[in-house]
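Below: the structure, in structure tokens.
The values are calculated or read from the model by the stated rules, or taken from the named source; none is laboratory data. The shown structure was predicted, so the numbers you read here are calculated from the model rather than taken from an experiment. Here Cβ is always computed from backbone atoms with ideal geometry, including for glycine, and neighbour counts include all displayed protein chains. The area values use the complete protein model at the heavy-atom level, side chains included, leaving out ligands, DNA and RNA. Shrake-Rupley method; radii C 1.70, N 1.55, O 1.52, S 1.80 Å.
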Amino acid sequence: MPMTIALAQIDARVGDLDRNTTQVLEWCTRAAEAGADVVVLPEMTLTGYPIEDLALRDSFARAADRSLHRLAEDLLGRGLGELVVVLGTLGRSPGGRATNRAVTVHRGQVVATYDKHHLPNYGVFDEFRIFSPGESTCVIDVAGRRAGVVICEDIWQDGGPVSQMDAADVDVLLVLNGSPYEEGKGHVRTELAARRAKEVGAPVVYVNLVGGQDDLVFDGGSFVMGTDGLLLASAPQFVEHLLLWELPDEGSPIVRGELAPPLEADAEVYSALVTGLRGYATKNGFTSVVLGMSGGIDSALVAAIAADALGGPNVVGVSMPSTHSSDHSRDDAADLARRLGADYRVQPIAPLVDAFEAQLALDGVAAENLQARMRGVILMAISNAEGHLVLATGNKTELAVGYSTIYGDAVGGYGPIKDVDKSRVWALARWRNRAALDAGRIPPIPESSITKPPSAELRPGQLDTDSLPPYHLLDEVLDAYVEHAEGRAELLDRGFDARVVDRVLSLVDRAEWKRRQYPVGPKVTALAFGRDRRLPITNAWREPVPAPTTPAAAAHDRVDDPEDT
């Protein structure tokens, strides 16, 4: 007989067992009302994911177990006893070690369990240290059909439980996932699922988490893949969603279900940034944010992301002009706030800077960085007084070369664009404005913020290109060195100027200590600062790089604070 499968793509919160249990109960109710025979929820739904060392706390494990049994009782109490529910939680091995577990709940009881076999220990994952691997397979009966159950990494590795499903003669393979987003990963998942569907001779039901958790973003995008590589159903990305698909009678033709339209590349990355910020703020108890609005492109994009994540009235934008701030920058900041409906304030920094300079004899870089640090003090003071989350507005290019001031523009609790390079910042701003126009709305970002040359405005007439190569060139070198791990020789072979290569590599290597102190932010690329990599703090390991010949080259602008020397 046909079997209706519900894929409940939901947003779980790490450690919040009560909220997650309530969420599961609500989505199971929706699934039952939609006629589902079985509802499949993501990896570690009950506990949230990734729970890291929470898994090692016996008190938390006991609480998770109590929540699971309470869920089973509540399902029965709501008249949902016949609904088969497959979800992820925290388990314990016979030896008492933590396991990444999938459970099947039916008629008020946990009727089957499965512990994840393959425990990833690369990139953002640390499961091999935390969990004990499972050894057995799991096949459950639903509406007279046989469904295999595995968890995430189990389909990414050859062999293991998936290789045994063909012999188990399953009709469908249910895969519970907590697969973090990174650009370009979607097609990798579907291609992998197509191979596994062909291998087991049954459709693959892939359900994924959605939402922001710490520095990870889960994009959802759950789907069903046929044995012939045809996408049978798919859910939209970055939203909670209940996807229904019917497995037909044996021998009957497969019918496609709902197919969500794919997002274009910039829309996908922008949505990931919005999702990450919303998740980080709300899961840490914040309902509003505060940031410096300089009139430049970085703060404009961050403000737009914040408005989309939390609502314009929940964004506090502070213009903090100095004696070097241009009129057009002030005008652009005010225009941005009006477009977003943000709470806009102006707080000149000149009196604060003057007070410090009256006590300290500062000039050059130290005097310039003092301006940035006064702005950081103002933002943190407003945060402390009013309870907003401070947003840092630096991008990945700036983090790479250290173009920031510690305790200044690097201040904050979250960095929404820290994994987005400068060239992509412009692209995302243009995309966001086009999307607004397509929807018949006013573009949120002033055009002049996009088109004017970027400047820190810490001294008269300053431009970023006084200190750095043009961003299109800088990002190209950084992409090769940082993202693709190419060395100096490879970069020179590509035809890059040796002086540019040496300057950029030196800046990147010397800025590692700054990157280590930067706020957390959403990972959207395959290799993000903080989570995935470290870079040298010395260049002694590679080909010699000529030392800077002038003090200005050694410690110019915000690229190198005095602490660097």
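Identify all residues within region 1-43 that are among the small types (G, A, S) and closer than 17 Å to L80 by Cβ; write none if there are none. Explain how you work it out, then say what you get.
Residues of region 1-43 that are among the small types (G, A, S), as a first pass: 6, 8, 12, 15, 31-32, 34-36.
Within region 1-43, A6, A8, A31, A32, A34, G35, A36 qualify.
The set of residues in region 155-195 being surrounded by 23 or more Cβ atoms within 10 Å (Cβ to Cβ) and assigned to a helix (DSSP H, G or I) consists of I155, P161, V162, A193. Taking G212 as the residue in question, decide whether it is more than 23 Å from E258 (Cα to Cα) and out of contact with any Pro (no Cβ under 8 Å at 6 or more places or on another chain). Here the answer is no, as G212 does not meet what is asked. Figure legend. Inter-residue proximity from region 26-43: first residues without any contact (Cβ under 8 Å) to a residue 60 or more places away in the chain, second residues surrounded by fewer than 19 Cβ atoms within 10 Å (Cβ to Cβ) and basic (K, R), beta-carbon distance below 9 Å, spacing 6+ or different chains. Indicated pairs: C28/R78; T29/R78; A32/R78; V39/R30.
For every residue, the table says whether it meets (1) more than 20 Å from G108 (Cα to Cα); (2) part of a strand (DSSP E or B); (3) open to solvent by 10 Å² or more (accessible area, probe 1.4 Å).
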| site | (1), (2), (3) |
| --- | --- |
| G15 | yes, no, yes |
| D18 | no, no, yes |
| V24 | no, no, no |
| T29 | no, no, yes |
| G48 | yes, no, no |
| L54 | yes, no, yes |
| R62 | no, no, yes |
| A72 | no, no, no |
| L75 | no, no, no |
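Do the conditions hold for N100, that is, is it open to solvent by less than 20 Å² (accessible area, probe 1.4 Å), in a helix (DSSP H, G or I), modelled with pLDDT of 95 or more and within 16 Å of G178 (Cα to Cα)? No: the conditions fail for N100.
Cβ separations smaller than 7 Å between residues 6+ apart or across chains give the following pairs from region 272-299 residues that are on the phi > 0 side of the Ramachandran plot to residues that are acidic (D, E): G295/D332.
Within region 223-251, the set of residues being in a loop (DSSP other than H, G, I, E, B) and either of a type in the set (D, E, K, R) or free of Cβ contacts under 8 Å to residues at least 12 places away in the same chain (or both) comprises D228, E240, D249, E250, G251. Only residues that are assigned to a loop (DSSP other than H, G, I, E, B), open to solvent by 40 Å² or more (accessible area, probe 1.4 Å) and either among the basic types (K, R) or in contact with a Gly (Cβ under 8 Å, 6 or more places away or on another chain) (or both): list them for region 404-443, please. Listed by number, the residues that qualify are Y407, D409, R441.
Look at region 352-373: where a residue is closer than 15 Å to D409 by Cβ and hydrophobic (A, V, I, L, M, F, W, C) and a partner is assigned to a helix (DSSP H, G or I) and open to solvent by 70 Å² or more (accessible area, probe 1.4 Å), sitting 6+ places away or on another chain with Cβ atoms under 8 Å, you get L370/F356; L370/E357. In the condition set (1) touching an Asp or Glu at 6+ places or on another chain (Cβ under 8 Å); (2) under 21 Å from L83 (Cβ atoms), V170 is compliant with all but (1). For G148, state whether it is at pLDDT below 95 and closer than 18 Å to D37 by Cβ. Considered against the rule, which asks whether it is at pLDDT below 95 and closer than 18 Å to D37 by Cβ, G148 comes out as no.
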